[in-house]
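The values are calculated or read from the model by the stated rules, or taken from the named source; none is laboratory data. Fair warning: this is a prediction, and the values are worked out from it, not measured in the lab. Virtual Cβ from ideal backbone geometry, glycine too; neighbours counted across all protein chains shown. Only protein heavy atoms, including side chains, enter the accessible area calculation; ligands, DNA and RNA are left aside. Shrake-Rupley method; radii C 1.70, N 1.55, O 1.52, S 1.80 Å.
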Amino acid sequence: MTAPIETTGATAEAQPEAVLAGAGEGRIEGRSLGQIAWSRFKKDKVAVTGGVIVLLLIVLAIVSRPLQALFGLDPNAFNQDLIDPNTSLPSAGWGGMSLDHPLGVDPKFGRDIATRVLEGSWVSLVVAFGATILSNVIGAIMGVIAGYYGGRVDSIISRLMDTFLAFPLLLFAIAISATLQGGAFGLNGLPLHLSVLIFVIGFFNWPYLGRIVRGQTLALREREFVDAARGMGAKGPYILFRELMPNLVGPIIVYSTLLIPTNILFEASLSFLGVGIQPPQASWGGMLRDAVTYYEVDPQYMIVPGLAIFITVLAFNLLGDGLRDALDPRSR
């Protein structure tokens, strides 16, 4: 018989030390879901570009009023000396473009287009963000309640969603906005117009998010962490807002970035139709409405606010697509 091979004590003790030494060189660190999503998002150059543009637009909207005060800009200042009295068009070429007015001036009044576009940026973003927040709050609460409780509660909320979705929103918004133009609820002027637009757009758009949240909740309510919370005696409200809601943040953020540009277009549409933001307050939709009369002889006046809307909506859509892919890789 072959004698068993003996292993020296030094060799036996050296093996675990070598393993430990090798393990120390390549330490593995865990990453949170947020870190994983951020690493995916950074790889999408198109989405990053959209995010940078969105940040710049938000910053410009925030500092628009301070910039106007700092440089003495007035979006409603008339410059009749720049207007040809015979044609009501800018006397200089290219829509009155010059060093003092880099984007030209508007026909008839000679107001600086760049200043008015800057002034209109905060109006569009305030309406879009306000309406989106209102839609998200109502839609998330109604959707999570319908998905978690099911049964009769789900049926009632689902039928309510169907009712809201059946409304001809544009016609309804026109009717409400036109009715409340004079004053209501102790408000008038710009605060009233902003409040009405935020309410109309936000209140009637919540079913879209509500359906998304309801579908996600139907899948999440059968997960182990929800069963564990029930087993520990947690009640419905605790499970809704402490267990389910944190897991719905991703879909809500993605939907918000895609809803904001839709709300910007909706506000511009109402202002274009004359029932949104009223003159002399500058708004992108109102500038397009005024440009309809002059677009054949002064296309500059229509191109500038049109490009502002186009770039803003495109940037938000690119950001939303990137966030969707980063937060849910299966959506690719």
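Listed values, structure above:
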| read-out | value |
| --- | --- |
| Chain lengthening between Ala92 and Arg31 when straightened (0.36 nm per residue, less Cα-Cα) | 16.0 nm |
| Which labelled figure in (1) 23.8; (2) 21.6; (3) 19.6 is Kirkwood radius over Cα pairs in Å, once derived from the coordinates | (1) |
| Exposure ranking of Asp81, Asp162, Asp112 by accessible area [1.4 Å probe, largest first] | Asp81, Asp162, Asp112 |
| Neighbourhood net charge (12 Å Cβ-Cβ; Lys/Arg +1, Asp/Glu -1) for Ala308 | 0 |
| Full-extension gain in nm, Leu99 to Ser155, via 0.36 nm per residue minus C-alpha separation | 14.0 nm |
| Three-way shape call for region 181-256 based on the alpha-carbon gyration tensor, with the a/c threshold at 1.5 | prolate |
| For the chain: relative contact order, % (alpha-carbon pairs under 8 angstrom, 6 or more apart) | 24 percent |
| Net charge contributed by nearby residues that have their C-beta within less than 15 Å of Pro66 (K/R +1, D/E -1) | -1 |
| Formal net charge of residues neighbouring Pro107 (Cβ-Cβ distance under 15 Å; K, R +1; D, E -1) | -3 |
| Approximate spin-label separation Arg230-Gln80, in nm, with each point projected 7 Å along Cα-to-Cβ | 7.6 nm |
| Phe109 versus Phe172: modelled label distance in nm, points set 7 Å from Cα along the beta carbon direction | 3.3 nm |
